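Have a look at the structure below before the remarks.
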Amino acid sequence: MNFIRGVISGQPAGPQHSGVETIQKLCDRVASSTLLEDRRDAVRALKSLSKKYRMEVGSQAMDHLIRILQTDSADSEILGYALDTIYNIICSDEEDEQEEMQKQVDDVGAQFTERFIQDPENITLLLTLLEEFDFHVRWPGVKLLTALLKNQCAQVQGIILVSPMGVSRLMDLLADSREVIRNDGLLLLQQLTKSNAAIQKIVAFENAFERLLDIITEEGTSDGGIVVEDCLLLLLNLLKNNSSNQNFFKEGSYIQRMKPWFEVGDDNAGWSAQKVTNLHYMLQLVRVLVSPVNSPGATASCQKAMFHCGLLQQLCTILMATGVPADILTETINTVSEVIRGSQVNQDYFASVNAPSNPPRPAIVVLLMSMVNERQPFVLRCAVLYCFQCFLYKNQKGQGEIVATLLPSTIDANSISAGQLLCGGLFSADSLSNWCAAVALAHALQDNLTQKEQLLRVQLATSLGKPPVSLLQQCTNILSQGSKVQTRVGLLMLLCTWISNCPIAVTHFLHNQENVPFLTAQISENLGEDERLVQGLCALLLGICIYYNDNSLENYTKDKLKQLIEKRIGKENFVEKLGFITKHELYSRAAQKPQPVFSTPEHMLFDHEFTKLVKELEGVITKAVHKSSEEEKKEEEVKKTLEQHDSIVTQYKELIREQDAQINELKAQVASMTSQSEQMQATITQQLTQIQQHKDQYNILKLKLGKTGDQSASQGEGAHVNGLQSEELSQLREELEELRRQHAQQQTQLAEQDTLIASLKSEAAHSAEAAEGTLANAELLKELEALRAQVMSQAADINQLTESQELLRRAEAVQSGPGSVDNGVDMARVAELEKQLAAQSTEAQKLQEEVKGLNASRAGMEADLASATSTAAILQAEVSKLQQEVQESKKEQDDLLMLLADQDQKILTLKQKLKDLGETIEDEDDLDSKDQSEDDEDEEEEEEDDE
Amino acid sequence: MAYAYLFKYIIIGDTGVGKSCLLLQFTDKRFQPVHDLTIGVEFGARMITIDGKQIKLQIWDTAGQESFRSITRSYYRGAAGALLVYDITRRDTFNHLTTWLEDARQHSNSNMVIMLIGNKSDLESRREVKKEEGEAFAREHGLVFMETSAKTASNVEEAFINTAKEIYEKIQEGVFDINNEANGIKIGPQHAATNSSLPGSQGAQQAGGGCC
């Protein structure tokens, strides 16, 4: 049996064979065993076989293993074995195998991956298992998911993306306290975020930046290990080409947190390979944020942030530090380049940076020295060129400063200037220096007509005894000497940039009699492959000479140059040669991005800005050359007529504008007028309603008046009289009534007081001595005062009343004005109303008079009261006098009584003595008592007299 | 910029209701009549002041199209506030609110503040959903309601700021756990330093747990 199977399957017998059988058995056990221990042992056995019999285990056990994941989720051990086994099936750790073998194995892995993810639920299941904290589950789970992503990235990403909490769960791995899981989580997230913007954004949303930056800090930034590198790679994944995340990174103030990364000491010792790698990625991360391919606004705001938090300054410190490894230095230069590119503030700062040499030299000069130095590494020289280009990009000020160092008036002979270095590079024997210097100089002229003209003034001293030559002349001289292709390409690019869009420079160029023949010769000759690019550039230069020609040189007008092309080169040939530029294999590469990146120094031929110029000019030059002179004339005529038309159109436009303004003015007037009329209408309606109101009110008033019966006859007709008035009138009437009531009250009060005063008077009259009288008087006085106040307030009320009446009268008069507009009948009614008013006012006056009368009577009463009080006071005084007298006499009497008592005593003692002596004194005793009673009676009489 | 708090918002609702325009009006104070369809999610940020405190708003503007719905779901959990937007000139966008709300309630944390926004209030002549209807819906589901116009900027500031106020109040009431960043709230660096007592003790606890 074994033998037959072996023959049929074509596999060699032996251990392999038994392995297959064992796997089959184990699978059966996994599937059918009811005991967890049994299943667990079987899965463990499968795991141990999975590396050696990967294919077999994969094909037979995969489904069983997945089922284990589904059903045995309670046992972390079996889950771990199952996950490990699947991991072994889908990816191979063996790295010592041959490459071919590896590839084959990877195919196997891809197949099994596909089988695993066929059911998206499996991925969801895996994500759920990752929530299990147990190390035995989580770790193999992370590894498995990473492997799946490695094999079938897009598909697995898609599945994770649509499971709502998928990405969040994976982000939680970064918070795991076990470093192994955190670190493998980083690797997982790296795979997960690969070229999937949606996932990148979710990961960023889940605070990835914060956590990664924290981990980097914890691990010691650039001095940290491979974990820092992994974090940086993940950050790069999240930010590269993801403008939303870049914006989030910037808005989250994370740029500021990058600054400390670059605080690299000057110590030469600490540059481990890991540190170099870390720093390299850190620099890349900075560049991702300010890349020229980002939107200008986003790059600009990041550049600003980098300057403000001191990141740029820190980078410039590295730039000028010693002992920095060359590749880090190169990448730092590239980074600085992009941080300053197109940002005036940053460019200005960069121009002010000095190298710490003695005497201090500007960083720009130091860098340019490296650029034109043959011994410096090629990539470093490219980086310096890039830095210089970025410094000059959209920086007219910087361009002016560079060109100025070449001008005769500003040359400082004592120190090395940027201009000197560039000229030196331009004419050195090193073609790379030639090219770099030419391109650098071209960037100083980019889109800057002033500097193009200024540079024409530059004169060079060649050798002793010969007159100085202009820089332009020297360039063409070298060009014609037939140097290396790189040199000539560089110079031709410089010349093209220089004279394009600058007719004066074109004239200067054409003024040299040798230039045009040289160009035509170059173009027309049938040269080899190597020379094609030079021919193309020569054609471009000649084309620029035609296109930007102002016809100031008689020999080289547009027409003459065209004729020359036709005769010597042929139009078709010329255009074909011109096309050599864009057809060059290196052209499109340079057109992609501003940074000069070349695989070898020989490939250094095109500059990014120059490719833009070519794009701009190729079409127009082709057109210009193809056009015959007649066509051109026609075109010129057309242009003229067009211009005429234009002028006419502008005239009309002007007219229209004026008319527009007039119309607007008129419109404004109309608007104001309509608004005025609206206002007027509004007032009219308002008045109408007022009148209506008045009428209504008057009606009400009339009814009221009808009830009172007062003046009803006269008002019966005047139904529609001013309402406001009637209202006021009724108010007034009410007030009057109230007043009258008050009056009555006061009158009664007055009467009461009168009686009071009368009684008081009588009291005062008949009981002038009584002390109580004074008290009553005081009360009376108080009452009187209150009364007076009342009277006063009443008088004021009355005054108010009269005033309001007057007001009313006036209002009536006013109201009758607009009312008269309505109709005459109203007038009559108003007059009636007036009459009414007059009657009422007389009534009010009557009342006033009454009040006045009352006042007068009150005054009289007050006077009475006053006299009464004065008499009362006099009486009181008398009473008090009498009382005093009485008291005095009482005292005298008391004294006398005392005396009598004493005498009585004496008499008694004397009587006693007499008795003792034996004498009868009865008569005397009687006599004494008689005397005593008589005395008493006298006293009483006296008292009565006193009173 | 220093801030006392940072709030994460999401903007959700049917496609074409003006979510991106609301964000643009709020962050850039401008209106773009023609706006490309949002792909996935876009990010915007702005600083506001509430109760004298600087508050940073980080806003994720989601794509309204059905095909992006599953991606949008990933953003609910970490957000402290959501602007649920419909278009007052398109009744169907109003009718879909229930679905959106169910989605949001299912995937977000329970304290997320949801503000209902009826956008395009400038297009009164084409109105299909009455203001009262929006108010009623909001009342029924316990949302804050407002009609806005991203075009005229009417109520746009208010919509974002009132949502922030609501969140701020919830923080004051202690409803939000501000130390859990998954809630979409973060304390500012300076604020955290002055409030060091609470997070500090928590940090110590965490460190202790890590040792075990």
**Prompt:** Taking +1 at the Cβ of each Lys and Arg and -1 at the Cβ of each Asp and Glu, which of A:Leu479, A:Leu329, B:Met115 sits farthest along the dipole of the protein assembly as shown towards its positive end, judged by Cα position relative to the Cα centre?
**Reply:** A:Leu479
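If you place +1 on the Cβ of every Lys and Arg and -1 on the Cβ of every Asp and Glu, how big does the dipole about the Cα centre of the protein assembly as shown come out, in debye to the nearest 20?
On the way: 110 positive and 169 negative charges, 3119 e Å.
So the magnitude is around 14980 debye.
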**Message:** Using helices alone, I'd like the mean residue ellipticity at 222 nm for the protein assembly as shown: each DSSP H run of four-plus residues gives -39500 (n - 2.57), total over residue count, nearest 500.
**Reply:** -23500 deg cm²/dmol
**Prompt:** For region A:210-358, what is the accessible area per residue in Å², given a 1.4 Å probe and the full set of protein chains?
**Reply:** 36
**Request:** Starting from the amide H of B:Ala82, placed 1.01 Å from N in the peptide plane, find each other amide H under 5 Å away whose residue is 5 or more places distant or on another chain.
**Result:** B:Ile10, B:Val113, B:Ile114, B:Met115
**Request:** Sort A:136-147, A:19-30, A:631-642 for me by packing, meaning the mean count of neighbouring Cβ atoms within 10 Å per residue, highest on top.
**Result:** A:136-147, A:19-30, A:631-642
**Request:** Leaving ligands, DNA and RNA out of it, report the carbon-plus-sulfur percent of the accessible area of region A:570-720 at a 1.4 Å probe.
**Result:** 54
**Request:** Please work out the FRET efficiency for the pair A:Lys466 and A:Ser352, using the Cβ-Cβ distance as r and a Förster radius of 51 Å; give the result to the nearest 0.05.
**Result:** 0.85
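Counting only DSSP beta bridges with both residues in the protein assembly as shown, what percent are antiparallel, rounded to the nearest 5?
Around 45 percent antiparallel, to the nearest 5.
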**Prompt:** What length, rounded to one decimal in nm, is gained on full extension from A:Leu899 through to A:Thr683, with 0.36 nm per residue of separation minus their alpha-carbon distance?
**Reply:** 66.9 nm
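What is the local net charge at A:Leu847, summed over the other residues whose Cβ is closer than 14 Å to its Cβ (Lys, Arg +1; Asp, Glu -1)? It would help to have the intermediate numbers written out before the result.
Details: positive: A:Arg733, A:Arg740, A:Arg741, A:Lys846, A:Lys852; negative: A:Glu734, A:Glu735, A:Glu737, A:Glu738, A:Asp797, A:Glu843, A:Glu849, A:Glu850.
For residues surrounding A:Leu847, the net value is -3.
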**Item:** For the protein assembly as shown: rounded, prolate or oblate by the Cα gyration tensor [a/c cutoff 1.5]
**Value:** prolate
**Asked** At the nearest 100 Å², what buried accessible area, both sides summed, do you get for B and A when the probe is 1.4 Å?
**Response** 2000
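Taking each residue of B:35-47 in turn, how many C-beta atoms of other protein chains fall within 10 Å of its C-beta, and what is the average? Provide the component values of the computation, followed by the final result.
Working: counts 0, 0, 0, 0, 3, 9, 7, 5, 14, 4, 5, 1, 1.
Taking all residues of B:35-47 together, the mean is 4.
Shape verdict for region A:571-655, please, from the Cα gyration tensor: rounded (a/c under 1.5), prolate (a/b greater than b/c) or oblate. Walk me through the numbers on the way to the answer.
Numbers: a/c = 6.70, a/b = 2.05, b/c = 3.27.
Since a/c reaches 1.5 but b/c is at least a/b, the shape of region A:571-655 is classed as oblate.
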**Asked** Straight-line reach from A:Lys891: which lysines have a Cα under 17 Å away, not including same-chain ones fewer than 8 places off?
**Response** A:Lys881
**Complete:** Net charge near A:Glu77 (other residues with Cβ under 14 Å of its Cβ; Lys, Arg +1; Asp, Glu -1) is -3
**Request:** Would you tally the net charge around A:Ser301, using a Cβ to Cβ cut-off of less than 11 Å, leaving A:Ser301 out, and scoring K and R as +1, D and E as -1?
**Result:** +1
**Asked** What is the distance, in nm, between label points placed 7 Å from the Cα along the Cα-to-Cβ direction at A:Leu914 and at A:Thr674?
**Response** 14.2
**Message:** I'd like to know which of B:Phe7, A:Phe427, A:Phe350 lies farthest towards the positive end of the charge dipole of the protein assembly as shown, counting +1 on Cβ of Lys and Arg and -1 on Cβ of Asp and Glu.
**Reply:** A:Phe427
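Using a Förster distance of 56 Å, how high is the FRET efficiency between A:Gln313 and A:Asp696, based on the Cβ-Cβ distance and rounded to 0.05?
Numbers: r = 85 Å, r/R0 = 1.51.
Taking R0 as 56 Å, the efficiency between A:Gln313 and A:Asp696 is 0.10.
For the pairs A:Lys150/B:Lys8; A:Lys466/A:Lys577; A:Lys394/A:Lys484; A:Lys250/B:Lys19; A:Lys567/A:Lys634; A:Lys452/A:Lys640, flag any whose C-alpha to C-alpha distance is greater than 25 Å. Write out the running numbers ahead of the final one.
Details: A:Lys150/B:Lys8 32 Å; A:Lys466/A:Lys577 37 Å; A:Lys394/A:Lys484 31 Å; A:Lys250/B:Lys19 22 Å; A:Lys567/A:Lys634 22 Å; A:Lys452/A:Lys640 29 Å.
Listed pairs above 25 Å: A:Lys150/B:Lys8; A:Lys466/A:Lys577; A:Lys394/A:Lys484; A:Lys452/A:Lys640.
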**Item:** Average partner coverage of B:66-76, which counts Cβ from other chains inside 10 Å
**Value:** 5
**Message:** Taking θ = phi - 60°, what integer Hz values does the Karplus form 6.51 cos²θ - 1.76 cosθ + 1.60 yield along region A:307-316, in sequence order, with x for Gly and Pro?
**Reply:** 6, 5, 8, x, 5, 4, 4, 5, 5, 5
**Fill in**
For chain B, the accessible surface attributable to carbon and sulfur atoms (probe 1.4 angstrom, ligands and nucleic acids excluded) amounts in percent to 49
**Request:** Can you tell me the 0 to 90 degree angle between the C-alpha axis of helix A:208-218 and the longest principal axis of chain A, rounded to 10?
**Result:** 80
**Asked** Once amide H atoms are placed 1.01 Å from N in the peptide plane, what residues at a sequence separation of 5 or more from B:Ile88, or on another chain, have their amide H within under 5 Å of its amide H?
**Response** B:Asn119
**Item:** Vicinal HN-Hα couplings computed from phi for region A:511-518 (Karplus, 6.51 cos²θ - 1.76 cosθ + 1.60; Hz; Gly/Pro x)
**Value:** 4, 6, 4, 7, 5, 5, x, 5
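I need the peptides A:203-211, A:898-906 ranked by packing, meaning the mean over residues of other C-beta atoms within 10 angstrom, with the highest value on top.
Details: A:203-211: 22.3, A:898-906: 11.2.
Averaged packing, sorted descending, gives the order A:203-211, A:898-906.
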**Message:** Can you tell me the orientation of helix A:571-583 relative to chain A, as the angle in degrees between its alpha-carbon axis and the longest Cα principal axis, to the nearest 10?
**Reply:** 70
**Request:** Select from A:Met320, A:Ala363, A:Asn242 the residue farthest towards the positive end of the dipole of region A:235-371; place +1 on Cβ of Lys and Arg, -1 on Cβ of Asp and Glu, and compute about the Cα centre.
**Result:** A:Asn242
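The values are calculated or read from the model by the stated rules, or taken from the named source; none is laboratory data. What you are looking at is a predicted structure, and each value in this text was computed from that prediction instead of being measured. When we count neighbours, we look across all protein chains shown, and the Cβ atoms used for this are built from the backbone with ideal geometry, even at glycine. These accessible areas exclude ligands, DNA and RNA; they are computed on the full protein's heavy atoms, side chains included. Shrake-Rupley method; radii C 1.70, N 1.55, O 1.52, S 1.80 Å.
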